[in-house]
Amino acid sequence: MIDLMYTTLTRLSWPCLRILPWTRLRKGKEIKGRTEERFGKTNTPRPQGKIIWIHAASNGEALSALPLVNYLINLPSAPTILMTTMTVTAASLITQRTNSDNVIHQFIPYDHPAWIKRFHAHWSPDMVVWIESELWPNHLKAIQSLKVPAVLLNARLSDKSLHRWHHASQWFRNLMNTFTIILAQTERDKNNIESLGVTNVSVKGNLKDLSLPLPFDEFALQDLKNCIGKRPTLLYASTHDPEEEAACEIHSKLKAKFPDLLTIIVPRHPKRGHDIALTCKNNGYDVALRSLKMSPQIATDIYIADTLGELGVFYSLCSITFIGNSLGCKPGGGHNLLEPAWFDCAIVSGDDLHNFSVLAQEMPEVNACKIIHDKNDLYTTLKVLLEDIALQNTLASNALKYVASKQESGLKEIIKAIQPSCKSAGLL
């Protein structure tokens, strides 16, 4: 009954869905000339041979998929990888990070049966891999009808979502039956999914642990190094409100000890850059905005890097970094602590890390990061790190060892788990 109601409502909603891409286009959330992909249409011909369809909704999922993509395109059958995403930024990341002619990007169609049917008729994938994505019922029903191996990687089910799905557990099981293999992120996710009656679930590693080092522009890095010189520098990466306010308060306290300190803030959402700058200026700080092509000067207190795709530059630039979305903010839950680990960073994070619970437990155990509990704790930790270069180096070295080990072992486990599906699809 629920399934029928959902399908009927999506069929009736097509007039609203038809205008949605044009509304998003005006906001910069679509790419001109590619809006028809939302309705299953494309100007890209289907290549000959095997196709593996990988859906990674947004930035984190897209980046986490890259090591797997590198493995799959080198299979004996030389398949083409069709990668779909929902967001423009994820599409941009895939274009930047994949140079192979065997990788094609498309925007995933909206969850309307007719548009999904058109998409499948054109691409006719031989295997489907969904990564940590929303469960779109019409898409999953259509995948079932393809009768090809389908795998769900990095599956998540929070306690809150579990409570909601309890009222539609049969529908949930039917949707999850799309997948022959389900790899959950954590044991908690596995237990939550299994509590709704799904049986083919295991934990074999987290794709987000396998992300390759972020790319960065060497020229941009050198330019920033020339501007900053030997000034002590703190990086606040992927921040959310009110973490920027905490960064400003801590900057004020630390300036007494380190008068030439430079604080760099990279907000998770660059559009907030101007609002953050205004707040900092109102508190008496000299502020520079990267989106305005400004560079940090000798008098600059706060440098706001409100641009996309440059986090690798700032991880390379700074030896101490705080990772945001982890200290008294919404939505909370943290961001990936392994990204800065590749760059010899001494890593600090707040204790709200429910999205990365395994890393939150394992990394402090091997002295690969510091977990703090409030603003005062953050101030004290950053002060100690600025004073103690040996401690900085130890944290950074341990983090690099941890991420390298995590990637090697995790990728092997995931590949081993999906190999039966690859064989079934004729890819091996």
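Just one of (1) in a loop (DSSP other than H, G, I, E, B); (2) over 25 Å from the mean Cα position of the chain (by Cα); (3) without any contact (Cβ under 8 Å) to a residue 24 or more places away in the chain fails for ARG46. It is (3). Applying a threshold of 6 Å to beta carbon distances and a minimum spacing of six or more residues, or different chains, the list of pairs starting in the range 361-381 at a residue that is more than 13 Å from LEU395 (Cβ to Cβ) and ending at one that is of a type outside the set (Ser, Thr, Tyr) and in a loop (DSSP other than H, G, I, E, B) reads HIS373/ASP351. The set of residues from the range 95-110 being surrounded by fewer than 20 Cβ atoms within 10 Å (Cβ to Cβ) and of a type outside the set (Val, Ile, Thr) comprises GLN96, ARG97, ASN99, SER100, ASP101, ASN102.
Within the range 351-400, restricting attention to residues that are in contact with a Pro (Cβ under 8 Å, 6 or more places away or on another chain) and of a type outside the set (Val, Ile, Thr), which residue is nearest to LEU317 (Cα to Cα)? Result: LEU386. Of the numbered criteria (1) crowded, with 21+ Cβ neighbours inside 10 Å; (2) touching a helix residue (DSSP H, G or I) at 6+ places or on another chain (Cβ under 7 Å); (3) more than 18 Å from SER64 (Cα to Cα), the one GLY350 fails is (2).
Residue-level analysis places TRP53 among those that are among the hydrophobic types (A, V, I, L, M, F, W, C), modelled with pLDDT of 85 or more, out of contact with any Lys or Arg (no Cβ under 7 Å at 6 or more places or on another chain) and outside any helix (DSSP H, G or I). Output the number of the condition that THR44 fails; it satisfies all remaining conditions of (1) surrounded by 17 or more Cβ atoms within 10 Å (Cβ to Cβ); (2) of a type in the set (Val, Ile, Thr); (3) modelled with pLDDT of 90 or more. Exception for THR44: condition (1).
Set side by side, the residues LYS401, LYS406 differ, and just one is part of a helix (DSSP H, G or I), closer than 30 Å to SER64 by Cβ and either within 20 Å of the chain's Cα centre (by Cα) or aromatic (Phe, Trp, Tyr) (or both), which is LYS406. When CYS280 is tested against (1) modelled with pLDDT of 95 or more; (2) over 28 Å from LYS401 (Cα atoms); (3) of a type in the set (A, V, I, L, M, F, W, C), exactly one condition is not met: (1). The set of residues from the range 409-425 being more than 25 Å from the chain's Cα centre (by Cα) and surrounded by fewer than 13 Cβ atoms within 10 Å (Cβ to Cβ) comprises just one member, LYS423. Any residue in the range 313-323 that is modelled with pLDDT under 95 and either closer than 27 Å to ASN336 by Cα or surrounded by fewer than 18 Cβ atoms within 10 Å (Cβ to Cβ) (or both)? Within the range 313-323, not a single residue is modelled with pLDDT under 95 and either closer than 27 Å to ASN336 by Cα or surrounded by fewer than 18 Cβ atoms within 10 Å (Cβ to Cβ) (or both). Return the residues of the range 193-219 that are assigned to a helix (DSSP H, G or I) and farther than 14 Å from ASN154 by Cβ; say none if nothing qualifies. Within the range 193-219, GLU194, GLU218, PHE219 meet the criteria. Go through the range 181-236 residue by residue and tally those that are among the acidic types (Asp, Glu), more than 30 Å from VAL148 (Cα to Cα) and out of contact with any helix residue (DSSP H, G or I) (no Cβ under 7 Å at 6 or more places or on another chain). The total comes to 2.
Every listed requirement among (1) under 30 Å from ALA404 (Cβ atoms); (2) more than 13 Å from the chain's Cα centre (by Cα); (3) among the hydroxyl-bearing types (Ser, Thr, Tyr) is met by THR89 save one, (2).
Report whether or not MET294 is of a type in the set (A, V, I, L, M, F, W, C) and within 23 Å of LEU207 (Cβ to Cβ). So MET294 fails the test.
Applying a threshold of 6 Å to beta carbon distances and a minimum spacing of six or more residues, or different chains, the list of pairs starting in the range 23-37 at a residue that is under 15 Å from ALA91 (Cα atoms) and ending at one that is modelled with pLDDT under 90 and small (Gly, Ala, Ser) is empty. When the residues of the range 13-32 are filtered to those that are β-branched (Val, Ile, Thr) and part of a helix (DSSP H, G or I), which remaining residue is surrounded by the most Cβ atoms within 10 Å (Cβ to Cβ)? By that ranking, first place goes to THR23. For the range 173-186, a residue qualifies if it is farther than 19 Å from LEU338 by Cβ and either β-branched (Val, Ile, Thr) or assigned to a helix (DSSP H, G or I) (or both), and the qualifying residues are ARG173, ASN174, LEU175, MET176, THR178, THR180, ILE181, ILE182. Has the range 261-273 got any residue that is more than 23 Å from the chain's Cα centre (by Cα), outside the structural domain of ARG97 (by TED's automatic domain parsing) and surrounded by fewer than 18 Cβ atoms within 10 Å (Cβ to Cβ)? Looking for residues that are more than 23 Å from the chain's Cα centre (by Cα), outside the structural domain of ARG97 (by TED's automatic domain parsing) and surrounded by fewer than 18 Cβ atoms within 10 Å (Cβ to Cβ), one finds none in the range 261-273, hence no. Taken over the range 359-416, the criterion of being over 20 Å from LEU207 (Cα atoms) and of a type in the set (Phe, Trp, Tyr) is satisfied by TYR379 alone. Against the test of being of a type in the set (Lys, Arg) and closer than 23 Å to LEU93 by Cα, the options ARG231, ARG272 yield a single qualifying residue, ARG272.
One line per residue, one yes/no per condition, for (1) in contact (Cβ under 8 Å) with a residue 60 or more places away in the chain; (2) outside the structural domain of HIS55 (by TED's automatic domain parsing):
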| position | (1), (2) |
| --- | --- |
| ARG164 | no, no |
| ASN174 | yes, no |
| ASN191 | no, no |
| LEU207 | yes, no |
| THR233 | yes, yes |
| ALA247 | yes, yes |
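Is it the case that some residue within the range 240-261 is more than 19 Å from GLU310 (Cα to Cα), in contact with a strand residue (DSSP E or B) (Cβ under 6 Å, 6 or more places away or on another chain) and small (Gly, Ala, Ser)? Taking every residue of the range 240-261 in turn, at least one turns out to be more than 19 Å from GLU310 (Cα to Cα), in contact with a strand residue (DSSP E or B) (Cβ under 6 Å, 6 or more places away or on another chain) and small (Gly, Ala, Ser).
The values are calculated or read from the model by the stated rules, or taken from the named source; none is laboratory data. Computed from a predicted structure; not experimentally measured. Because the Cβ atoms are built from the backbone with ideal geometry, glycine has one as well, and the counts that use them run over all protein chains shown.
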